[in-house]
Protein chains: 6
Amino acid sequence: MSEQDRLTHVREDGTAHMVDVSAKAETTREATAQAVLTTRADVVALLASGDLPKGDALAVSRVAGIMAAKQTPSLIPLCHPLPISKVTVDFFPGTSEVRIEATVRTRGVTGVEMEALTAASVAALSLYDMIKAVDKHAVIGDIKVLAKSGGKSGDWTL
Amino acid sequence: MSEQDRLTHVREDGTAHMVDVSAKAETTREATAQAVLTTRADVVALLASGDLPKGDALAVSRVAGIMAAKQTPSLIPLCHPLPISKVTVDFFPGTSEVRIEATVRTRGVTGVEMEALTAASVAALSLYDMIKAVDKHAVIGDIKVLAKSGGKSGDWTL
Amino acid sequence: MSEQDRLTHVREDGTAHMVDVSAKAETTREATAQAVLTTRADVVALLASGDLPKGDALAVSRVAGIMAAKQTPSLIPLCHPLPISKVTVDFFPGTSEVRIEATVRTRGVTGVEMEALTAASVAALSLYDMIKAVDKHAVIGDIKVLAKSGGKSGDWTL
Amino acid sequence: MSEQDRLTHVREDGTAHMVDVSAKAETTREATAQAVLTTRADVVALLASGDLPKGDALAVSRVAGIMAAKQTPSLIPLCHPLPISKVTVDFFPGTSEVRIEATVRTRGVTGVEMEALTAASVAALSLYDMIKAVDKHAVIGDIKVLAKSGGKSGDWTL
Amino acid sequence: MSEQDRLTHVREDGTAHMVDVSAKAETTREATAQAVLTTRADVVALLASGDLPKGDALAVSRVAGIMAAKQTPSLIPLCHPLPISKVTVDFFPGTSEVRIEATVRTRGVTGVEMEALTAASVAALSLYDMIKAVDKHAVIGDIKVLAKSGGKSGDWTL
Amino acid sequence: MSEQDRLTHVREDGTAHMVDVSAKAETTREATAQAVLTTRADVVALLASGDLPKGDALAVSRVAGIMAAKQTPSLIPLCHPLPISKVTVDFFPGTSEVRIEATVRTRGVTGVEMEALTAASVAALSLYDMIKAVDKHAVIGDIKVLAKSGGKSGDWTL
């Protein structure tokens, strides 16, 4: 981090603005992020039988995640609006947790990590909303970017 | 959980709807939730010197969290709209993490856990957005409700 | 209609405004509305096998309808914001059509016909979106209020 | 429909996602859709004298339709955001109905049928809102795409 | 101002939050605000002939103002959501300016100055949008609250 | 103005629509606009000490302006959606007023004056919201475009 002693969005006077991306190249960019909802085994069983959903709960949360990806620039103040060209949200039920994986693709000028993270987070919050009456101590965690491609910073996968 | 073998939002046919709260009492309700952004010590130092913010980054994320609390029913599909009467979002910088605590109050007919969780989560995502250029491996976790009061299910604190 | 020669939202000078409802009583009000998507039998079969959904398509459209009900005052310019306390959206697949029925309840000062109509309409549009690649000549129609209760204008059912 | 036994938005596992359009060509695309509000002759007379509006009601509904076109990706869960470059909404009053025609154009990667259908539908709902006090039995119907141009699926007009 | 040395929204530590209004009384409150668009006489003549609108421009701006009033808590970060029960927006064309007056009423726990100011401001911005091709030097000014009633701070009129 | 006797958005029949920009060139465009909040000297002192903010108030208003720029097409009915690539909002405290300057850049097909004006106006409204308890007679004015570049109408600065 020797090359920078401040955050990209923050100017030398300490104020934060939406940085200029008008000169960046428009390329196909993709990011995959995850969130994990940890609850009890009996609650996971209410959501899914093995990999099969037992009702609409997973579908509702998938839609919540997809729609949230499109709202990212309305939620994250300094995020640039981007023409999202693909969103997938998948659920991987485990013993006492559900892992959510969201992939977002764009043909735009900035990366879509924030869109993927927002999709995964809101899908997790939506699941939480549906189980909170049966488990008020559920926890959402391990929200992170798993892979990124496109853009000048190079492709990578965790 | 013996008293229920399905989720409150999900009907016997497996479909999920926004449940009826028209007969619930309007009382003052409050919830406190948290999220934790884990990054590197040098990145935390870019955000704050001790408890003091070094620029607008924390203020931007606080606003993001407050505004997100108001958008909760637009983000969480089966969440009821509520007249939010208070939102606070506080940041507690640690060595290599920042803990975010959000408190939401309403005089309404349902609890505000989802609003508090959404405020904390979006504040964390907004912080992530500002540090992602210096730490692409930051993780958001430990998102949970810390305390709840008002409503018939009783007050509690973790 | 002899008692009125102009629309309630339109003043004598012809301009339209959001009319004053501050003196109206807050009561529990409910409205049920429908929309019908007419397509081909083979397309209905892609959506459902009898009453059972064959995939997420119906769930996606249900969520679309529920979330749209909450957006009604953002869509219909002179509509008052209301604290929606319940939304259900149901699908009734027929031979070559799907009937959608939405019920909305509030404890508020105006009726919720527009919310129920908006929920049914947007659920139908969302279904249309998913079948448009296989039937570009689908038609949405018969959008109307089926029943209304609460409020001073009296309860009624079609 | 022999070439496909499932819906484009629905994967083989039955889950629905926002499909990838990042490889599609950006071209000028246009769609025209309609909706018809059927009411009583005296109610149509409150809205217009011949082709001339008698007050703001038609203008309000035109704005509602135009603004709704821009909100299409927020309303229709799996719809892609598009840079809308034109929206027109016209009203054709008849004896006991008003036909609404909406045309949307974009320079984008997917068609704009949903935007045109949404504009026509919401304009019709907005008209309904203004006449519902004088006719609680109005019906909205015959919502369909009238013409489409641009894109690889070919131009067509009903 | 001797009784306070800081802003109501800002805590002693300098951070700004949405203040608690859960204990405030729900009463009928109203505010009237204005904005003035100053342009050229020939441009005003394009908008209105005397008091009569020459086309949809004033109606479009009225709708913009009314809808913006409903969006106030989404625009003004620390503003509380309120159940708006009335919005009127009127235009008073002068020689080389148009004065816009907006009145908002609620039955809620906080005042509606911000809603009235937002309605007047956005109506003015919408008018500006329609005349900017013929007058790029128009100016919007004199945005202020004209009168306020309801609430414990007392009624007043300029 | 001899070349036009009506507004660009208004057709010959008087109706207003979103005009077609699909054939316009995509270029880098920028606009700078301002708004001025006039209050009392002691209130300005609550907001800033010289150029330094005394708390979060300026940061909150900056975020409000930046987020409002992104909402411009949702607020201004006939405004085209644009991919905003930069927004800055700066505050210049004076003796008894604060001048707000907003700059917006895009790589798009229409100018961004409305986005810059909306950012400056909403930032001013947000400041007003925070000082209204200490000065109910503050005034927002002198909202205008200061400079514009890009696009076929030529660059200019006031």
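The values are calculated or read from the model by the stated rules, or taken from the named source; none is laboratory data. The structure displayed is predicted, hence computed values, not measured ones. No Cβ is skipped: glycine too gets one built from the backbone with ideal geometry, and neighbour counts run over all protein chains shown.
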Residue by residue through region B:86-117, note down the ones that are within 12 Å of the chain's Cα centre (by Cα), free of Cβ contacts under 8 Å to residues at least 60 places away in the same chain and away from chain E (no Cβ under 14 Å). B:114
Hits in region E:119-135 (condition: touching a Ser or Thr at 6+ places or on another chain (Cβ under 8 Å) and either of a type in the set (Asp, Glu) or on the phi > 0 side of the Ramachandran plot (or both)): E:135
Return yes when residue F:47 is in contact (Cβ under 8 Å) with a residue 40 or more places away in the chain, surrounded by 24 or more Cβ atoms within 10 Å (Cβ to Cβ) and of a type in the set (A, V, I, L, M, F, W, C) and no when it is not. no
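Going by the structure shown, is residue A:78 under 30 Å from residue F:28 (Cβ atoms), in contact with a helix residue (DSSP H, G or I) (Cβ under 8 Å, 6 or more places away or on another chain), in contact (Cβ under 8 Å) with a residue 40 or more places away in the chain and aliphatic (A, V, I, L, M)?
Against the criterion (under 30 Å from residue F:28 (Cβ atoms), in contact with a helix residue (DSSP H, G or I) (Cβ under 8 Å, 6 or more places away or on another chain), in contact (Cβ under 8 Å) with a residue 40 or more places away in the chain and aliphatic (A, V, I, L, M)), residue A:78 qualifies.
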Suppose the filter is on the phi > 0 side of the Ramachandran plot and at the interface with chain A (Cβ under 10 Å from one of its Cβ atoms); does residue B:14 pass it? yes
Some residue of region E:64-74 being facing chain C (nearest Cβ under 10 Å), among the hydrophobic types (A, V, I, L, M, F, W, C), farther than 22 Å from residue F:58 by Cα and in contact (Cβ under 8 Å) with a residue 60 or more places away in the chain: yes
Can you go through D:109, D:145, D:89 and tell me which one is of a type in the set (Val, Ile, Thr), under 18 Å from residue C:138 (Cα atoms) and in contact with a His (Cβ under 9 Å, 6 or more places away or on another chain)? D:145
Please go through region F:119-158 and pick out each residue that is surrounded by fewer than 16 Cβ atoms within 10 Å (Cβ to Cβ), of a type in the set (A, V, I, L, M, F, W, C) and within 28 Å of residue E:7 (Cα to Cα). F:133
Are there any pairs, at least 6 apart or on different chains, whose C-beta atoms fall under 8 Å, with the first in region E:20-37 and within 8 Å of another protein chain (Cβ to nearest Cβ) and surrounded by fewer than 21 Cβ atoms within 10 Å (Cβ to Cβ) and the second in a loop (DSSP other than H, G, I, E, B) and at pLDDT 95 or above, and if so, which? E:21/E:80
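Check B:136, B:54, B:132, B:148 and return the single one that is facing another protein chain (nearest Cβ under 8 Å), of a type in the set (Lys, Arg), without any contact (Cβ under 8 Å) to a residue 12 or more places away in the chain and farther than 23 Å from residue A:69 by Cα.
One residue alone meets the criteria, B:54.
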